[in-house]
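This report concerns only the one structure given below.
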Amino acid sequence: MRRILFALPFVLAGFAPASADVLIEGSAGGEATSFIRFFEAVRKSGERVVIDGPCFSACTLALSLLPHNRICVTRRAILGFHAARMVDLLGNQYPAPEATRVVAETYPAPIRQWIRRHGGLTRRPLFLYGPELARMVSRCG
């Protein structure tokens with residue numbers, strides 16, 4: 001089982017043995033295109049993603065890029081969503097409303113509806129966990 005621990009997944013993926021599951025024990029997110037490449041590779045591999053801790057920001061793109069039957073969550077899973085941001089070469093952050101709209105549209109319908117009910121994607125993070133998350137994403141068995 002590959003483990004993702006508060007690091008960009010593509011860095012760890014190259015050093016981990018191949019297996020049937022990718023375990024996300026904690027990811028604060030990061031630059032979105034790195035996560036997109038990683039989850040596209042996972043999709044092609046046929047591996048399943050087990051979310052067993054925090055999966056924030058770009059990590060939640062797993063929900064958009066993987067078939068729903070290849071993602072499951074444990075009782076420790078927490079998904080964290082927020083609006084997209086652009087970062088310039090000096091590290092200054094700017095709102096990215098078009099990217100936010102595109103990302104929001106890619107989430108599964110129950111997640112999109114939950115985000116809307118909770119005020120939409122803004123700078124303020126939204127956290128989905130517990131029974132509410134288990135109603136939208138399969139529990140790992």
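Look through the stretch 39-52, keep the residues that are free of Cβ contacts under 8 Å to residues at least 60 places away in the same chain and under 11 Å from the mean Cα position of the chain (by Cα), and return whichever of them is nearest to R75 (Cα to Cα).
V49
When you go through (1) assigned to a helix (DSSP H, G or I); (2) touching a Leu at 6+ places or on another chain (Cβ under 9 Å); (3) surrounded by fewer than 21 Cβ atoms within 10 Å (Cβ to Cβ); (4) not aromatic (F, W, Y) one by one for G30, which number turns out not to apply?
Status for G30: all satisfied but (1).
Name the residues in the stretch 97-111 that are more than 22 Å from T33 (Cβ to Cβ) and not aliphatic (A, V, I, L, M), would you? Give the steps one after another, and end with the answer.
Initially, the stretch 97-111 is screened for residues more than 22 Å from T33 (Cβ to Cβ), giving 109-110.
P110, the sole residue that qualifies.
Within the bounds of the stretch 88-111, is there any residue that is in contact with a His (Cβ under 7 Å, 6 or more places away or on another chain) and under 22 Å from V50 (Cα atoms)?
yes
Can you say whether G80 is of a type outside the set (A, V, I, L, M, F, W, C) and at positive phi, as far as the supplied structure shows?
no
Quick test of your reading of the structure: L89 fulfils all but one of (1) at pLDDT below 95; (2) under 24 Å from M136 (Cβ atoms); (3) not β-branched (V, I, T). Name the failing condition by number.
(2)
Look at R70 and say whether it is crowded, with 16+ Cβ neighbours inside 10 Å and not acidic (D, E).
Answer is yes for this residue.
Go through the stretch 1-31 and report how many residues are farther than 19 Å from A77 by Cβ and either modelled with pLDDT of 95 or more or touching a Ser or Thr at 6+ places or on another chain (Cβ under 6 Å) (or both).
Residues meeting the conditions: 2.
Would it be correct to say that C59 is at pLDDT 95 or above and in contact with a Phe, Trp or Tyr (Cβ under 8 Å, 6 or more places away or on another chain)? Walk me through how you get there before you give the answer.
Working: at pLDDT 95 or above: yes; in contact with a Phe, Trp or Tyr (Cβ under 8 Å, 6 or more places away or on another chain): yes.
Spelling it out, C59 is indeed at pLDDT 95 or above and in contact with a Phe, Trp or Tyr (Cβ under 8 Å, 6 or more places away or on another chain).
Residue-wise test of (1) out of contact with any Pro (no Cβ under 8 Å at 6 or more places or on another chain); (2) polar (S, T, N, Q); (3) surrounded by fewer than 14 Cβ atoms within 10 Å (Cβ to Cβ); (4) outside any loop (DSSP other than H, G, I, E, B).
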| position | (1), (2), (3), (4) |
| --- | --- |
| L90 | yes, no, yes, no |
| Y94 | yes, no, yes, yes |
| E98 | yes, no, yes, yes |
| V103 | yes, no, no, yes |
| R124 | yes, no, yes, no |
| L133 | yes, no, no, yes |
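The values are calculated or read from the model by the stated rules, or taken from the named source; none is laboratory data. Because the structure is predicted, anything quoted here is derived from the model rather than measured. Quick reminder, even Gly has a Cβ in these numbers, built from the backbone with ideal geometry, and neighbours come from all protein chains shown.
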